[in-house]
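See structure below.
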Amino acid sequence: MLVTSKELLLDAQKNGYAVGAFNTNNLEITQAIVRAAEAKRAPVLIQISAGALKYAGVDFLPMLVSKAAQIATVPVAIHLDHGPDFKTVISCLRAGFTSIMRDASKLPYGENVAEVRKVVEVCHAVGVPVEAEIGRIGGAEEHVVVSDREAAMSDPDECARFAEDGGFDFLAVAIGNAHGFYKGEPKLDFDRLTAIRERVSIPLVLHGASGIPDAQITRAVESGICKINIDTEIRNAFIRTMQDYTQKNPDQIDPRKVFGPCIDAMQAVVERKIEIFRSAGRA
């Protein structure tokens, strides 16, 4: 069933779990996410980035995901991941998105607030919740590119001020997380997360969770993270499985036979994450 992210994340915050937010670029990834959610009876967000919209088309990919959400037997929200500008937000609202992130975190504080408030005004008018970000998350995610040296963690006091000034519904925080695969083992700053949680009442979001050890994810959920983004591990399962299959079956030209194992591999990744996030059985 198609829902907004607000009802999902508020329940997660109340009951001590995190909702998985999984990125898609095509039919096969979408199928893997929904199948995993239904197998685990878990609510999910299916995320579409600006890059995915450019690749698959704003008139096609959201329609595909929306149909999958409508016929799903578990709650599914369609989320714009790292919305780069107001124009993209508007096109996504028109396409039926039920959750929006406006990422203006690379801008100075005042400009970030102004951009987010503009999006909040239009989204809230049609009942769609908004995610915003403070602090800069390392790595690369579509249009967002931040070097390790430039990356800065979120300041707890500034988070509280930002939530107050911005009027949005969820806050993405930088606590040592990064997009893409990590070089070495990531170390989340749990003292910082606790300080943010004490100052901010709305649900908190963890980006760049692919590759973070399970124990740290568990602790992050226990410390107040309510939404966790996964993209890289799903892509990796897709491509590695495809490479392995085509290597073993070089004469196979039926895409259905090639993509079938890939869907299974991605579904397994999503199911495992759902278990770690403690959202299994919450639908």
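Take every Cα pair under 8 Å whose residues are at least 6 apart in sequence, average their separation, divide by the length of the chain, and the relative contact order is 23 percent. Checking the cross-link pairs Lys6/Lys273; Lys54/Lys87; Lys14/Lys227; Lys40/Lys248 against a 23 Å limit on the alpha carbon distance flags Lys40/Lys248 as lying beyond it.
Residue exposure proxy: Met101, Met1, Met153, ordered by other Cβ atoms within 10 angstrom of their Cβ from fewest to most, comes out as Met1, Met153, Met101. Under 13 Å of direct C-alpha separation, and excluding same-chain neighbours fewer than eight residues apart, Lys118 reaches these aspartates and glutamates: Asp85, Asp103, Glu131, Asp165. The distance separating the Cα centre of segment 72-120 from that of segment 201-246 comes to 20 Å. For segment 5-277, the percent of C-alpha pairs falling in each 5 Å distance bin, counted from 0 to the bin holding the largest distance, reads 1, 6, 13, 17, 20, 18, 12, 7, 3, 1, 1, 0. Rounded to the nearest 10 degrees, the angle from helix 156-166 to the longest Cα principal axis of the chain is 90 degrees. Compared with the direct C-alpha span, the chain from Ile239 to Met63 gains 60.9 nm at full extension, assuming 0.36 nm per residue.
Between the helical axis of 61-71 and the longest alpha-carbon principal axis of the chain there is an angle of about 80 degrees. The modelled label-to-label distance between Asn249 and Phe86, using points 7 Å beyond Cα along the C-beta direction, is 5.0 nm. Available extension along the chain between Arg219 and Asp165 is 16.6 nm, counting 0.36 nm per residue and deducting the alpha carbon span. Mean residue ellipticity, 222 nm, helices only, the chain: the sum of -39500 (n - 2.57) across DSSP H runs of n ≥ 4, divided by residue count and rounded to 500, is -15500 deg cm²/dmol. DSSP beta bridges in the chain, what fraction antiparallel, as a percent rounded to 5? Antiparallel: roughly 10 percent of the beta bridges in the chain.
Against the chain, whose longest principal axis comes from its Cα atoms, helix 232-248 is set at around 10 degrees.
None of the figures in this text is laboratory data; all of them are computed from the coordinates on show. Quick caveat, the model's predicted, so the values are computed rather than measured. Neighbour counts are summed over all protein chains in view; Cβ atoms, including those assigned to glycine, are modelled from backbone coordinates with ideal geometry.
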